[in-house]
Amino acid sequence: MTGSLPGSGPDSGPGTAGARGASARGGFASDTVPRHLARGAVGFGALAGSLALLPVVGPASLLLAPVGLVALRGCPMCWVIGLVETVSAGRLRRTCTEGRCELNRAGPYGATHE
């Protein structure tokens, strides 16, 4: 039963009218690039701090590691994927008609160039 789930089908991918919320931007993208960079600063800072403070504070410093992982939305690679998604959001549009999908550059205010 392929395509029977809500939001599954040719017209429900990222950049189409069937996409909603974060799925339109991507799973790891933020609303803006500065917000995503702030997430990275907090995440990488907390991870580095958890390791750097280990000799001073002891194992209690490892409590910063989960804070860093939450800020990075999983792992450092997840953050990088989110950065790419955030930067490219709104620049590409996928359109699907009659089972054929195309990727086009988006113009100003979401207009596509053919």
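The values are calculated or read from the model by the stated rules, or taken from the named source; none is laboratory data. All values derive from a computational prediction rather than experimental measurement. Virtual Cβ from ideal backbone geometry, glycine too; neighbours counted across all protein chains shown. Note: accessible area is taken over every heavy atom of the protein model, side chains too, but ligands, DNA and RNA are not part of it. Shrake-Rupley method; radii C 1.70, N 1.55, O 1.52, S 1.80 Å.
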Which whole-Hz couplings ³J(HN,Hα) result when phi for each residue of the range 35-52 is put into the Karplus expression 6.51 cos²θ - 1.76 cosθ + 1.60, θ = phi - 60°, listed in order with x for Gly and Pro? 5, 5, 5, 5, 4, x, 4, 5, x, 5, x, 5, 5, 5, x, 5, 7, 5
Counting heavy atoms of the protein chains only and a 1.4 Å probe, report the per residue accessible area for the range 28-114 as a whole number of Å². 66 Å²
For the range 46-97, place one equal point scatterer on every Cα, skip the solvent, and apply the Debye formula. What is log10 of I(q)/I(0) at q = 0.19 Å⁻¹? -0.69
Highest first, please rank the peptides 78-85, 58-65 by the mean number of other Cβ atoms sitting within 10 Å of their residues. 78-85, 58-65
Out of residues 5 or more away from LEU92 or on other chains, whose amide H comes under 5 Å of its own, with H placed 1.01 Å from N in the peptide plane? ALA106
Along the Cα→Cβ direction, 7 angstrom out, place labels at ALA106 and CYS78. What is the inter-label distance in nm? 2.4 nm
